[in-house]
Every structure is written in structure tokens, then in C-alpha cells.
1. For L101 and I62, what does the FRET efficiency come to when R0 = 35 Å and r is the distance between their Cβ atoms, rounded to the nearest 0.05?
2. Tell me the label-point distance for the pair L134, D111, using the 7 Å Cα-to-Cβ offset, in nm and rounded to one decimal.
3. Using the Cα centre of the stretch 67-185 as the reference point, and only Cβ charges (+1 on K/R, -1 on D/E), how large is the resulting charge dipole? Debye, rounded to the nearest 20.
4. Would you please give the FRET efficiency between K76 and F49, computed as 1/(1 + (r/R0)^6) with r the Cβ-Cβ distance and R0 = 30 Å, to the nearest 0.05?
5. Using 1/(1 + (r/R0)^6) with R0 = 35 angstrom and r between the beta carbons of K174 and L146, what's the FRET efficiency to the nearest 0.05?
6. Where Lys and Arg each count +1 and Asp and Glu each count -1, what net charge lies around Q107 among other residues with Cβ under 13 Å from its Cβ?
7. Once the dipole of the stretch 29-180 is set up with Lys and Arg at +1 and Asp and Glu at -1 on Cβ about the Cα centre, which of A47, Q148, P81 lies farthest towards its positive end?
Amino acid sequence: MKTDSKTQNPTPAKEAPDDYFRFHLPHVHLGPVFGNDWFALKAEGFARFFGTPVFLVAQTVIVAIWIAINAFGYTKFDVYPFILLNLAFSLQAAYAAPLILLAQTRQADRDKAHADADAQHREALATAAEQRQLVAAQQSEQIMELLQQNTELTELVKGLSQRIETLTVEMHGKVFQDASKTVLT
């Protein structure tokens, strides 16, 4: 029981569940592919960074500067076919592809766990709704029964009232009839 601070009346309060992720608990054992250690978290963060506009713009600027420096002859460390640049792209792709797959796999695992938890939550809501409907049906039946009893009692009261009225009229008639006989004699 909690006490409402405004009214100072004790009012029953429904306690909120402490674990909002109670439907996720059965899926805790499904650890991510590489776990939750620092490597997995950094690798996933790095893989997610590959899809950002910041990365794409930065890479485009670096490649443009690389080509401009080598094409205009400011330096000659990677001349026209830009083999070193191609090697850098190949190295980047060799690391990016597994990291992106890692991030996708981890996200797929999370999505599956969330989908399972959502399904369990929907089932719990459906069960609660069915229970509420059963309680409402029971209450409706009880109300109908009470209305029927009320109707029967009303009819009984009406019959008794008519009977009392009939007896009152009879008694009134006898009392006045006896009174008129005593006055005449």
C-alpha cells in the first residue's frame, strides 16, 4: 500500500515490474557471436562507422588528395596505375567485409531475441485480455442475476404492500364498523 501524498489516504497502488526486460531473460544465454568484450564492441562500432557519411566523405577526400598529389607530380610514391592505393583499398575491404558481417550477425541475433521477446509479450497481453474478458463476462452474469433478484424482490415488496393495504382497509372497516355500532347503542 502506498500513501498518496496529496490526499494522505492510503490507496492501493499497482507496483510496476522491476524488470522491464523480463521477456528478454530467456535469451541472455544467446551471447553475441564474439561476445561483449572490448574487441567485439570496438569491431562492431568500427563496422558501423563504415556506413556513415563522415567515413565516405573522408575517404573520398583522402583518395582525391592522394590522386592529385601523385597525378600532378608533387610526389612519385604511387604513380599512375595507383597500385599502392589499390592495395590500400584491398586491405580495407579485407578487414571491412568481416567486420560488417560481424555487425550484421550480431544485429540479427539481437533482432531475433527482440522478436522472440515481443512475441512472448504479445502472448502475455493476449492472455491478460482473455482473463479480463472472462472476469467481465462473470461480472455481467452476476449483474444480470442481481437484477433478476432485484426484480423478484420488487415484485414481492409490491405484493406485500398490496396485502398490507388490503389488511389495512379491512381493519379500518372493522374498527369503524365496531365504532359505529357502539355509538348507536
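Every number here is computed from the coordinates shown, using simple stated rules; none is lab data. Quick caveat: nothing in here was measured; it's all calculated off a predicted structure. Virtual Cβ from ideal backbone geometry, glycine too; neighbours counted across all protein chains shown.
1. 0.90
2. Once both label points are built, they end up 3.7 nm from each other.
3. Its charge dipole is roughly 420 debye.
4. The value I calculate is 0.40.
5. Given R0 = 35 Å and the Cβ-Cβ separation, E is 0.30.
6. +1
7. Going by the Cα projections, it comes out as P81.
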